[in-house]
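The values are calculated or read from the model by the stated rules, or taken from the named source; none is laboratory data. Just so it is clear, the structure is predicted and the values come from calculations on it, not from any experiment. Using ideal geometry, Cβ is built from the backbone for each residue, glycine included, and neighbour counts are taken over all protein chains shown. Accessible surface areas use protein heavy atoms only, side chains included; no ligands, DNA or RNA. Shrake-Rupley method; radii C 1.70, N 1.55, O 1.52, S 1.80 Å.
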Amino acid sequence: MPQDRYQRGAHTVLALEYHFVWKTKYGYPVLRGELALRLREICSGKEIRIVRGNVRANHVHLLVNAPSQLSVAKIAQFLKGGKAQGLFSK
C-alpha cells in the first residue's frame with residue numbers, strides 16, 4: 001500500500017475510503033458533459049480525494065478517501081446536494 005494513502009494525526013493513522021453510487025431518477029441518461037471535472041472541483045475544495053471514479057449517462061460510482069471529521073452523510077451532501085447544484089444546471 002502506498003504511504004500517501006494514510007492520513008496521520010497526533011495519535012492516529014487512518015485510511016477512510018467510501019464507495020458512493022447514485023443514479024438518476026427513473027434511470028434517465030442526463031449525466032453528460034464535464035460532470036467528472038466538476039465532481040473533482042467539489043472534492044478538492046473539501047479535502048476529499050477521489051481514488052477511483054466512473055461517470056455514466058445514468059449513474060455515478062465514486063471511491064473517495066476522506067478526512068475523519070467528515071461524516072458519510074456530509075460527503076454525500078457535498079457530492080449530491082445543494083453544494084453541487086451547479087453540476088446539473090449547466
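Excluding E17 itself, calculate the net charge of residues whose Cβ lies under 12 Å from the Cβ of E17, where each Lys or Arg counts +1 and each Asp or Glu counts -1.
So the environment of E17 carries a net charge of +3.
Between I42 and A76, how many nm apart are label points set 7 Å from Cα along the C-beta direction?
Calculated label separation equals 1.3 nm.
Residue by residue, what Karplus-based ³J(HN,Hα) values in Hz, rounded to whole numbers, does the stretch 35-51 have, using 6.51, -1.76 and 1.60 with θ = phi - 60° and x for Gly and Pro?
4, 4, 5, 5, 5, 4, 4, 5, 5, 5, x, 10, 6, 9, 9, 7, 7
I48 accessible area, nearest 10 Å², 1.4 Å probe?
Roughly 10 Å² of I48 is accessible to a 1.4 Å probe.
Any idea how far apart K23 and I50 come out in nm if each label point goes 7 Å out from Cα toward Cβ?
So the two model labels end up 2.1 nm from each other.
Roughly what % of Cα-Cα distances in the chain sit above 18 Å, to the whole percent? Display every interim value, and only then the final one.
Working: 1809 of 4005 pairs.
Value for the chain (Cα pairs over 18 Å): 45 percent.
Calculate, axis by axis, the spread of Cα positions in the stretch 26-79 along the three principal axes, and write the results as whole Å, longest axis first.
Computed over the stretch 26-79, the largest-to-smallest principal extents equal 34, 21, 16 Å.
Would you calculate a helix-derived [θ] at 222 nm for the chain, using -39,500 (n - 2.57) for each DSSP H run of n ≥ 4 and dividing by the full residue count, to the nearest 500?
Numbers: 3 runs with 24 residues, N = 90.
Calculated mean residue ellipticity at 222 nm is -7000 deg cm²/dmol.
Which value, in debye to the nearest 20, describes the size of the charge dipole of the chain about its Cα centre when Lys and Arg Cβ atoms bear +1, Asp and Glu Cβ atoms bear -1, and nothing else is charged?
On the way: 15 positive and 5 negative charges, 59 e Å.
Dipole magnitude for the chain comes out near 280 debye.
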